[in-house]
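Right, one structure below, let's go through it.
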Amino acid sequence: MDAVLRKVDAHLRRGITLADRRAFYSARTEFIAALRLLAQGLDAQESSTKRGEALARGIWALEEADDFLPRGTALNADIQVQRLAATHRTSVLKEVAKTAVSKESSAAAPADITPLAALQKYYTYAQEQLAAAVRPSREGSQVLTALGKLYVEMDQEPARLAADARTKGLVCQQAALLVDSGNARAANELGVLLAREGRFEEAREWLRHSVRLAPRTETWHNLAAVHTSLGEVQLAEAARQQSELARRQNPAAASTVQVKQVTPAEFAGGTKTDARTATAPSSAPATQAAGAAKTSSVWDWLPWR
């Protein structure tokens, strides 16, 4: 297994390098290759094929979910859920239909499910299958975190390189935490994504979880912004003080990411430019940015660039 983990790490590193060069499709190929290798290694240990099969189902569900998204001038009413589900390899809606028939219940069959509900079922299924493929591997959790970050970066490109990419990023971070609840980076990423959707209470809990695991200055910044959005003034000030303390205790780590002063509203949604530059208020002095010699990376701890 050690040889497999070395190869997984090599794919992860190549993927991060490619993502930094904005070669997103190639980076995604590397991350999926890393997950595939890890699933195969776990299958070999267990004399099984269930890990590789779960990974395939998870990737299929993420890709096939795109069919339930309206395109161009199309409306939700134009999307034929039953017809699309019948052509998919993803079986989650087919299983719903079989259950409804076998129990003669009133459970919604694909014909009765809206495109949005179908999309949510596919994403939930993808999250479960991706986690099942590599659980409880910490390396697998890290790769899922990287894949989630990649999707969010793709979402911020003007060309929209992947459909509903931000939601897919959220799915990957949730899967990463199902695999390893001690993944502080994934908890931070998930907190930021939830905050951008206005789900501040959920974001607060994941950011608190992240700082308990790894009290990074960037995560304290993010938590301060969420507290501010919730009107928790004293908690926001306490988080800002912790952020400054973390920066002083580990200035080298803090200097790898430039943090820009933004409002809570910009943190939660803001413009595309805001989302690419920062996600949380900063109390760090201006000299911090001037001293940041390292080129920012897709793999940098949030705040985002």
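Values quoted throughout were computed directly from the atomic coordinates according to the rules given, and no laboratory measurement underlies them. Given the structure is predicted, the values throughout are model-derived calculations rather than measurements. Every residue, glycine as well, gets a Cβ built from its backbone with ideal geometry; the counts of neighbours run over all protein chains shown.
Listing for the model above:
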item	result
Listed peptides 8-18, 44-54, 136-146 by packing density, highest first (mean Cβ within 10 Å)	136-146, 8-18, 44-54
Two-site FRET efficiency, residue 10 against residue 69, from Cβ-Cβ distance with R₀ of 35 Å, rounded to 0.05	0.55
Amide H contacts under 5 Å for residue 182, placed H, 5+ residues apart	none
For region 113-129, 3J(HN,Hα) per residue [Karplus equation, 6.51 cos²θ - 1.76 cosθ + 1.60, θ = phi - 60°, Hz, x = Gly/Pro]	8, 6, x, 5, 5, 4, 4, 5, 5, 5, 5, 4, 5, 4, 4, 5, 6
Three-way shape call for region 1-47 based on the alpha-carbon gyration tensor, with the a/c threshold at 1.5	oblate
Full-extension gain in nm, residue 91 to residue 201, via 0.36 nm per residue minus C-alpha separation	36.3 nm
Which of 150, 42 has the fewest Cβ neighbours within 10 Å, and the rest in rising order	42, 150
From phi via Karplus (6.51, -1.76, 1.60), per-residue ³J(HN,Hα) for region 164-176 in Hz, x at Gly/Pro	6, 5, 5, 5, 5, x, 5, 4, 5, 5, 5, 4, 4
Karplus-derived HN-Hα couplings along region 6-14 (A = 6.51, B = -1.76, C = 1.60, θ = phi - 60°), whole Hz, x at Gly and Pro	5, 5, 4, 4, 5, 5, 4, 5, 5
